[in-house]
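Worksheet: one structure, shown below.
The values are calculated or read from the model by the stated rules, or taken from the named source; none is laboratory data. Since we're looking at a predicted model, the values are computed, not measured. For neighbour counting, all protein chains shown are included, and Cβ atoms are generated from backbone atoms with ideal geometry for every residue, glycine included.
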Amino acid sequence: MKAFLVLALFLAAAAAYGHGSSYVSRHDHNEGGYAHHGGHDDHHIDYHHHPAYKYEYGVHDPHTKDHKSQWEHRDGDVVKGEYTLDEADGTKRIVKYSSDKHNGFQAHVERIGHAHHDAPVHHHGHHY
C-alpha cells in the first residue's frame, strides 16, 4: 500500500510540474488481500480470503521521453498482466505475463522497431 501511495504521489507531482500526463487506477475487492468480518470489537482477519485486484498506470512525458504503462489483474491464484516501455534505443518493449498454479510464471517479451544508436560524442581538449 505504501509503494502504491508513493507511486501515486510521484506521478501526481510529475504531472503537476507540467512535463506530461500520467494516471493510476486501482480496484481492490478487499483491503490488503484480507477480509475483515464483524464490527469494531471483532478483529478477526481471514487469511484465506479469495485475493482479487486490478490496477493500471501509465506515464507519457514528452519532455523526458518517458513513456510506459502497466496493468495487472489477479483473481485467486491467477495473475495476468502486461507492461510496455519505450527503450532508450528507440524500440518499444512489450511484456505480457501470466502466473497460475498449473503453469507457473510465463512471460512473452516482444520488441517493436529497430534500435538506433547515436554515434559517440568525442570532446577534444584536456583529459583528466
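Descriptive notes on the structure:
- Asp100 being modelled with pLDDT of 55 or more, surrounded by 11 or more Cβ atoms within 10 Å (Cβ to Cβ) and acidic (Asp, Glu): yes
- Annotation note: Cβ proximity below 7 Å between a residue of the stretch 89-107 that is under 17 Å from His73 (Cβ atoms) and part of a loop (DSSP other than H, G, I, E, B) and a residue that is at pLDDT below 95 and not hydroxyl-bearing (Ser, Thr, Tyr) (sequence gap 6+ or interchain) occurs for Lys101/Asp77.
- The residues of the stretch 77-97 that are more than 22 Å from Gly58 (Cα to Cα) and modelled with pLDDT under 95 amount to a single one, Asp77.
- Selected residue (criterion: nearest to Asp89 (Cα to Cα)) from residues of the stretch 51-70 that are surrounded by 15 or more Cβ atoms within 10 Å (Cβ to Cβ) and of a type in the set (Lys, Arg): Lys68
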